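A.B. asks: If you scroll down you'll find the structure; I have some questions about it.
The values are calculated or read from the model by the stated rules, or taken from the named source; none is laboratory data. Predicted model, so just to flag it, every value in this text is computed and none were measured. Quick note on the areas: whole protein, heavy atoms, side chains included, nothing else; ligands and nucleic acids left out. Shrake-Rupley method; radii C 1.70, N 1.55, O 1.52, S 1.80 Å.
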Amino acid sequence: MKEKILVIDDDRAICELVKDALEIEGFSVNTARGADNAIEKIEQTHPMIIILDLNLPGINGFELTRILKKDSKAKNIPIILMSAKFTDTQSIVTGLSSGADDYIAKPFDIDILVARVKAILRRTSGGGYEEQEIIESKNIKVNLKSKTVYIREKEVKLSPREFELLVYLMKKNGAALNRNTILQAVWDYSYFGTTRTVDVHIQQLRKKLKDDGKIIQTVSKTGYKFED
């Protein structure tokens with residue numbers, strides 16, 4: 001069965017470009033031109049990834065991401081945001097904070113977008129965790145099978161990317177990791193762009209873990225480490 005992807009963009013040319021490129025790679029691709037049509041398409045097709053433009057008519061991509069992440073049927077679908085207008089640091093922070101897994105600026109290299117789609121599918125396909133099911137450190141308990149995180153027995157809701165980042169840092173307990181190393185391991189591709197995305201995810205992860213920097217430490221301004 002082909003893996004399904006939904007592309008949401010009011011630009012017909014972009015929809016067709018992305019659709020053609022992904023179909024060549026063997027994916028089944030549907031498109032939507034706005035938020036209302038998108039929600040209907042999600043219910044009908046059950047995509048494995050959503051590629052979402054931010055500058056949509058009516059409900060914009062930021063708000064649609066928040067809506068989807070509160071929907072019980074859609075909240076676990078990874079989202080890649082795209083934008084030609086919202087490319088500043090604060091917009092990227094807002095997009096990732098709303099629950100998106102990745103962010104790509106327009107114009108973009110279509111091969112890079114395809115690579116990012118494949119990377120997310122590898123990460124979410126269920127084959128990344130071996131024999132170990134539970135990992136624990138201090139007050140944090142992570143169930144790798146159910147992909148749930150608890151602090152002092154209270155569940156903490158993380159995005160798929162935040163979850164992967166936390167697991168990677170915990171498994172590398174005590175090791176100083178630079179941003180490029182983290183990108184290659186967690187994002188699973190050669191990242192074409194700024195390592196700022198690591199900082200944004202660390203920032204969000206610290207907030208959700210109520211971590212003041214003692215658990216996930218900044219190392220010489222070049223990277224991070226998890227300290228048990």
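A.B. asks: Might you tell me the accessible area per residue for the chain, computed with a 1.4 Å probe and given in Å²? Working shown, then result.
C.D. replies: Values: 11450 Å² over 228 residues.
Result: 50 Å² per residue.
A.B. asks: Going by the alpha-carbon gyration tensor, a ≥ b ≥ c the square roots of its eigenvalues, is segment 102-185 rounded (a/c under 1.5) or, if a/c is not under 1.5, prolate (a/b greater than b/c) versus oblate?
C.D. replies: prolate
A.B. asks: A follow-up question, please. Taking only Cα atoms and a 10 Å spring cutoff, compute GNM fluctuations for the chain and point out the largest among Glu63, Glu40, Glu16.
C.D. replies: Evaluated over the chain, the most mobile residue of the options is Glu40.
A.B. asks: For segment 138-144, in order, what is each residue's ³J(HN,Hα) by Karplus, 6.51 cos²θ - 1.76 cosθ + 1.60 with θ = phi - 60°, in whole Hz (x at glycine and Pro)?
C.D. replies: 6, 9, 9, 10, 10, 9, 6
A.B. asks: When a/c reaches 1.5 or more, the comparison of a/b and b/c decides; with that in mind, is segment 9-82 rounded, prolate or oblate per its Cα gyration tensor? Walk me through the numbers before you get to the answer.
C.D. replies: Details: a/c = 1.87, a/b = 1.25, b/c = 1.49.
Here segment 9-82 falls in the oblate category.
A.B. asks: OK, next. How large, in percent, is the carbon and sulfur part of the accessible surface of the chain at a probe radius of 1.4 Å? List each step's numbers first, then the result.
C.D. replies: Values: 5380 of 11450 Å².
C and S atoms contribute 47 percent here.
A.B. asks: Further, regarding this structure: Return the subset of Lys172/Lys225; Lys2/Lys106; Lys70/Lys138; Lys70/Lys208; Lys69/Lys106; Lys85/Lys208 for which the Cα-Cα distance in this structure is over 19 Å, preserving the input order. Walk me through the intermediate numbers first.
C.D. replies: Working: Lys172/Lys225 8 Å; Lys2/Lys106 27 Å; Lys70/Lys138 29 Å; Lys70/Lys208 17 Å; Lys69/Lys106 24 Å; Lys85/Lys208 29 Å.
As for pairs spanning more than 19 Å Cα to Cα, those are Lys2/Lys106; Lys70/Lys138; Lys69/Lys106; Lys85/Lys208.
A.B. asks: Residue by residue through segment 163-179, what is 3J(HN,Hα) from phi via Karplus (6.51 cos²θ - 1.76 cosθ + 1.60, θ = phi - 60°)? Round to whole Hz and write x for glycine and proline.
C.D. replies: With coefficients 6.51, -1.76 and 1.60, one gets 4, 4, 5, 4, 4, 4, 5, 5, 5, 9, 3, x, 8, 7, 10, 7, 4 Hz.
A.B. asks: Per the helix-only calculation at 222 nm, which mean residue ellipticity applies to the chain, given -39500 (n - 2.57) for every DSSP H run of n ≥ 4 and division by its residues, nearest 500 deg cm²/dmol?
C.D. replies: Values: 8 runs with 88 residues, N = 228.
Calculated mean residue ellipticity at 222 nm is -11500 deg cm²/dmol.
A.B. asks: Rounded, prolate or oblate: pick one for the chain, where a ≥ b ≥ c are the square roots of the eigenvalues of its C-alpha gyration tensor, a/c under 1.5 means rounded, and failing that, prolate if a/b is larger than b/c, else oblate.
C.D. replies: Prolate.
A.B. asks: Roughly what angle does helix 35-45 make with the longest principal axis of the chain, taking Cα atoms, 0 to 90 degrees, to the nearest 10?
C.D. replies: 80
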